[in-house]
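Values in this text are rule-based calculations from the coordinates and carry no lab data. Note that the coordinates shown come from a computational prediction; the quantities given were computed from them, not determined experimentally. Neighbour counts run over all protein chains shown; Cβ positions are idealised from the backbone, glycine included.
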């Protein structure tokens, strides 16, 4: 099953979608802003189906697959890094390219667990920046001062904060980056 979002101005019916070779069934789910959302049942080529069956790289899909003109986007949880790497290797062996957008550790929850999938270093930098007034207006500290306190360079701190902010926002807002709508 795939979820497809199509610009509402492009008049595409369920019948139009079902006329595509790989589409077995198309159901219009509803609308999201200026997009029509369809649920498609796809008949994948046997080689592609084989990639996702068997092996120890079983993954749990966290949200519906989103199809774009450039491919599809899935958010999955793997048992560990080795299971992900096995899955990636299977894709490569079958000629399927895979672009990893982000990877986050979701170790077992405990009182000591760092929230929102942040790394320890990202959490440390963000909490320090917050406590020193970096996010106040006007700022109460500079990246240079924070970097010195953490013992790293200012450019390294800026990258660390940016990655941490992106992870925090993505996790909190449950967003998917770089998703294009189908418009052809």
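In the stretch 115-173, inverting the average of 1/r over every pair of distinct C-alpha atoms gives 11.4 Å as the Kirkwood radius. Panel order for 84, 116, by other beta carbons found within 10 Å of each beta carbon, from fewest to most: 116, 84.
Residue exposure proxy: 137, 142, ordered by other Cβ atoms within 10 angstrom of their Cβ from fewest to most, comes out as 137, 142.
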